[in-house]
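The block underneath contains the structure these notes are about, expressed in structure tokens.
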Amino acid sequence: MSPLDSVLASIPSGHPDEALARQINFERLPAHVAIIMDGNGRWAAQRHLPRVEGHRAGIDAVRDTVETAARLGIDVLTLYAFSLENWKRPAAEVSTLMLLLKRYLRSELQTLLTNNIQFRVIGRMEELAPDIQDELRTAIDRTVKNTGMLFNIALNYGGRAEIVDAARRAIESGVRPQDLDEARFAGFLYTAGQPDPDLLIRTSGEMRVSNYLLWQIAYAEIYVTETLWPDFRRRHLFEAVLAYQKRERRYGGINPVPAVIGAQ
Ligand code: FPP
């Protein structure tokens, strides 16, 4: 099935999302889409609900986005679920986030397998609670042979910490300083071997990169939507991809480079 057919198969005929899907140029998809899922707290506040209800509702957006990205034929999707700084939140919020993650992995593992999605974690996974690590490890191991979309969850993640970790690994590897260049260094990052994000989406309107994939987003196109994460659905991903396809990417040169090609 072509990616367009796969996308259309998930949309009821005549639904407005169908017209949007048909506008997408499948030859010029971003290879890697990274998302900062922001606005869960505001979503909950608007409804006079506790913040954690926003995170709970955010899980539906995660499900929808993973499925849509896989159907579109996106190679890599990276979602920012928990930053190193998020430990500063109230303990009850942190433990709910971890519980939601655990539940998500349990309930969605079969969907990941059915859709040939490979699951990975980027971040300091070894600092998470043992039960969370076990759950993550199960999902990673069970999907390791999948050849479809790579789905990274950034967990206990910080962009600067990643660069520090990469520097440590480079030193430990014994690479000679004169042999270290950008390509070689990228091989020590958590995302080694993956294309850099072409498109960085941030929900809920803030114009910040929040210590996310600092090395990898050097040339990413940034798309900010006012939509709060729990409301983010298939349509919003289509809109972001369409906006990306209208951009001219120049990589510091003066001539436009078609989106996607030469994204490194
Ligand atoms: C930002 O909203 C969101 C987070 C810190 C957590 C995102 C986590 C999830 C959607 C659930 C778990 C994820 C997966 C992948 C299963 P915020 O709380 O900062 O919102 P605010 O800025 O409106 O307060």
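Odds and ends about this structure:
- Heavy-atom accessible surface of Phe188, to the nearest 10 Å², is about 40 Å², with a 1.4 Å probe and all protein chains retained.
- Label-to-label distance for Leu113 and Arg233 is 3.0 nm, based on points extended 7 Å past Cα in the beta-carbon direction.
- Sequence of Tyr157, Tyr223 from largest to smallest accessible area, 1.4 Å probe: Tyr223, Tyr157
- Counting DSSP beta bridges with both ends in the chain, the antiparallel % (nearest 5): 5
- Here the range 5-81 yields Rg over Rh of 1.05, to two decimals, using C-alpha coordinates and the Kirkwood radius.
- Coarse-grained scattering of the chain at q = 0.15, 0.17 Å⁻¹, given as base-10 log I(q)/I(0) from a Debye sum over alpha-carbon atoms: -1.19, -1.51
- Applying a DSSP loop filter and a limit of 11 other Cβ atoms within 10 Å to the GluC sites (Glu not before Pro) in the range 223-252 leaves Glu226, Glu248.
- Theoretical FRET efficiency, 1/(1+(r/R0)^6), r = Cβ-Cβ of Ala183 and Thr138, R0 45 Å, to 0.05: 0.85
- Computed Kirkwood radius, in angstrom, where 1/r is averaged over Cα pairs of the range 155-264: 15.8
- A cut-off of 5 Å between modelled amide H atoms, ignoring neighbours fewer than 5 places along the same chain, links Tyr80 with Ile35, Met37, Ala154.
- Inter-label distance, Ser173 to Lys88: 3.2 nm, where each label sits 7 Å from its Cα along the C-beta direction.
- Panel note: the C-alpha atoms of the range 145-213, placed on their principal axes, show extents of 44, 32, 22 Å (largest first).
- The range 99-212: C-alpha pair distances exceeding 21 Å, %: 49
- Sulfur and carbon atoms: percent of accessible area, the range 104-145 [1.4 Å]: 46
- Calculated FRET efficiency for the pair Val164/Arg208, C-beta based, R₀ 25 Å, to 0.05: 0.75
- With coordinates expressed along the principal axes, the C-alpha atoms belonging to the range 47-87 extend over 37, 26, 9 Å, beginning with the largest.
- Once exposed loop trypsin sites (Lys or Arg not before Pro) are cut out (DSSP; at most 13 other Cβ, 10 Å), longest piece of the chain: 48-144
The values are calculated or read from the model by the stated rules, or taken from the named source; none is laboratory data. Everything numeric in this text was worked out from a predicted model, so none of it was measured. Ideal geometry is used to build each Cβ from the backbone, glycine not excepted, and the neighbour counts take in all protein chains shown. The protein model used for the area step is the full one, side chains on, heavy atoms only, and it has no ligands, DNA or RNA in it. Shrake-Rupley method; radii C 1.70, N 1.55, O 1.52, S 1.80 Å.
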